[in-house]
1. For region 48-88, give me each residue that is in contact with a Ser or Thr (Cβ under 8 Å, 6 or more places away or on another chain), at pLDDT below 90 and not in a strand (DSSP E or B).
2. In region 46-65, which residue that is of a type in the set (A, V, I, L, M, F, W, C) and out of contact with any strand residue (DSSP E or B) (no Cβ under 7 Å at 6 or more places or on another chain) is farthest from P10 (Cα to Cα)?
3. Among what's in region 33-47 and is surrounded by 15 or more Cβ atoms within 10 Å (Cβ to Cβ) and either in contact with a Cys (Cβ under 8 Å, 6 or more places away or on another chain) or not β-branched (V, I, T) (or both), pick the residue that is modelled with the lowest pLDDT.
4. Helices (runs of 4 or more DSSP H) wholly in region 1-45 with at least 3 residues that are touching a residue at least 24 places away in the same chain (Cβ under 8 Å) and closer than 20 Å to E56 by Cα - which ones?
Amino acid sequence: MKVVATYSKPEEAHLAASVLEGNGVTVNVRDANTVGNYWLYSNAVGGVKIEVPEIEEEKAREVLNLPTDQNGILVCPYCGSGNVKMRELNI
């Protein structure tokens, strides 16, 4: 398994893992429970890590680096327009 991303919060790591799983990549989220139970440990353990199999590393990095508002990645389900953007949600 290769680490492709690290996050300081478990919520961010699980969102990224969800995106990867939605694109067919096998994902393991490591240290989420440690950081979730005591957030000060985040720096000590190196954050919450996203791990993928070595053969899927390139695809995972490509998916995580995709811009969300690039024309053509997101499409309106009603009119088919590529002029759509993701709204940021407040936690």
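The values are calculated or read from the model by the stated rules, or taken from the named source; none is laboratory data. Note that this is a predicted model, so its numbers are computed, not measured. Please note: Cβ atoms are built from the backbone with ideal geometry, for glycine as well, and neighbour counts cover all protein chains shown.
1. Hits for region 48-88 are V75, K85, M86.
2. Within region 46-65, the subset of a type in the set (A, V, I, L, M, F, W, C) is 48, 50, 52, 55, 60, 63-64.
After this cut, where a residue has to be out of contact with any strand residue (DSSP E or B) (no Cβ under 7 Å at 6 or more places or on another chain) as well, the list is 55, 63.
Values: I55: 25, V63: 19 Å.
Ranking the candidates gives I55 first.
3. The first filter runs over region 33-47 and keeps only residues surrounded by 15 or more Cβ atoms within 10 Å (Cβ to Cβ), leaving 34-36, 42, 47.
Still in the running and either in contact with a Cys (Cβ under 8 Å, 6 or more places away or on another chain) or not β-branched (V, I, T) (or both): 36, 42, 47.
Working: G36: 89, S42: 85, G47: 90.
Ranking the qualifying residues of region 33-47, first place goes to S42.
4. Values: elements: 10-22, 32-37, 41-45.
Here the list reads 10-22.
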